[in-house]
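**Q** The structure follows.
The values are calculated or read from the model by the stated rules, or taken from the named source; none is laboratory data. Just so you know, these numbers come straight off a predicted model, no measurement behind them. For neighbour counting, all protein chains shown are included, and Cβ atoms are generated from backbone atoms with ideal geometry for every residue, glycine included. Note: accessible area is taken over every heavy atom of the protein model, side chains too, but ligands, DNA and RNA are not part of it. Shrake-Rupley method; radii C 1.70, N 1.55, O 1.52, S 1.80 Å.
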Amino acid sequence: RASPPPPSVCLITQASSHTSLCCTDVSPLADGLVCGRADGALQFCRFSQSAATQSRFAASGVDLESRCRVVPGHSGPVYSVALSRNLQHVLSGSQDGSVRLWSWHQAAVLATYHNHGYPVWHVCLASHQSHFLSCCHDGGLRLFDTQRLSPLRLMAGHLADVTAATFHASDAYALSASQDGTLRLW
């Protein structure tokens, strides 16, 4: 009898009995994920893609808890995480007004960006991974270079919290969304 075809969708269930999970991002190959937690910690989980695929057909599933590492980082809830496409870095944005750049492999903070003063609702990495956007409570969208601790640009124009942003595929443009009901292309 032929083996069943691999799934076209892989469902990963991550539960935490210790604290609430606020956000997550999954690696492009579905072999790892990072979660932002309400206690300010990040949870780094690594597993093989084949184990996740095989768990679909097994009664027990993949034991993610044993494959996860919880690392404290922020002093408030983590509202957004972004995993780089090359699996080198993770960005996290928090209620404490900071953005942190992490090493994915070491689960350690590489840099902290304190230029917000208000909660950071969302972070987004450019495809080349040397720039990122942060969305803030003050209505500003900030563009950073990962090598500099201060923003390259502060883009103002929204009248309320900026809650989401993304780079265009060329990384030459950014699109932001705000609670004021507007989208802005920068």
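**Q** Tally up the residues in segment 34-49 that are touching a residue at least 24 places away in the same chain (Cβ under 8 Å) and in a strand (DSSP E or B), please.
**A** So the answer is 8.
**Q** Restricting to segment 13-30, and then to whatever is at pLDDT below 90 and open to solvent by less than 50 Å² (accessible area, probe 1.4 Å), can you tell me which residue is farthest from Cys45 (Cα to Cα)?
**A** My answer is Thr19.
**Q** What do you reckon, is Thr166 hydroxyl-bearing (Ser, Thr, Tyr) and in contact with a strand residue (DSSP E or B) (Cβ under 8 Å, 6 or more places away or on another chain)?
**A** It is true that Thr166 is hydroxyl-bearing (Ser, Thr, Tyr) and in contact with a strand residue (DSSP E or B) (Cβ under 8 Å, 6 or more places away or on another chain).
**Q** Right, next: Can you name the condition, by its number, that Val123 falls short on among (1) open to solvent by less than 10 Å² (accessible area, probe 1.4 Å); (2) modelled with pLDDT under 95?
**A** Checking Val123 against (1) open to solvent by less than 10 Å² (accessible area, probe 1.4 Å); (2) modelled with pLDDT under 95, the one that fails is (2).
**Q** Which of the residues that make up segment 156-186 are within 21 Å of the chain's Cα centre (by Cα) and within 22 Å of Gly97 (Cβ to Cβ)?
**A** Asp161, Val162, Thr163, Ala164, Ala165, Thr166, Ala174, Ser176, Ala177, Ser178, Gln179
**Q** Could you go through segment 115-122 and let me know if any residue there is polar (S, T, N, Q) and over 21 Å from Ser178 (Cβ atoms).
**A** Keep residues of segment 115-122 that are polar (S, T, N, Q), which gives 115.
With the extra rule that they be over 21 Å from Ser178 (Cβ atoms), the set shrinks to none.
No, segment 115-122 contains no residue that is polar (S, T, N, Q) and over 21 Å from Ser178 (Cβ atoms).
**Q** Now for a separate question. Name the single residue, out of those in segment 155-186 being aliphatic (A, V, I, L, M) and loosely packed, with under 14 Cβ neighbours inside 10 Å, that is farthest from Val123 (Cα to Cα).
**A** Among them, the one singled out is Leu159.
**Q** With (1) more than 14 Å from Leu33 (Cβ to Cβ); (2) modelled with pLDDT under 95 as the list, and Leu87 as the residue in question, which single condition is left unmet?
**A** (1)
**Q** Further question: Condition check: touching a Lys or Arg at 6+ places or on another chain (Cβ under 9 Å), among the hydroxyl-bearing types (Ser, Thr, Tyr), in a loop (DSSP other than H, G, I, E, B) and under 24 Å from Arg184 (Cα atoms). Does Ser150 satisfy that?
**A** Spelling it out, it is not the case that Ser150 is touching a Lys or Arg at 6+ places or on another chain (Cβ under 9 Å), among the hydroxyl-bearing types (Ser, Thr, Tyr), in a loop (DSSP other than H, G, I, E, B) and under 24 Å from Arg184 (Cα atoms).
**Q** Pull up segment 129-154, narrow it to residues that are in contact with an Asp or Glu (Cβ under 7 Å, 6 or more places away or on another chain) and of a type in the set (Gly, Ala, Ser), then point me to the one that is surrounded by the most Cβ atoms within 10 Å (Cβ to Cβ).
**A** The initial filter retains those residues of segment 129-154 that are in contact with an Asp or Glu (Cβ under 7 Å, 6 or more places away or on another chain), namely 130-131, 137, 139, 152.
Applying the additional criterion that residues be of a type in the set (Gly, Ala, Ser) yields 130, 139.
Working: Ser130: 13, Gly139: 19.
So, considering only residues that are in contact with an Asp or Glu (Cβ under 7 Å, 6 or more places away or on another chain) and of a type in the set (Gly, Ala, Ser), the one surrounded by the most Cβ atoms within 10 Å (Cβ to Cβ) is Gly139.
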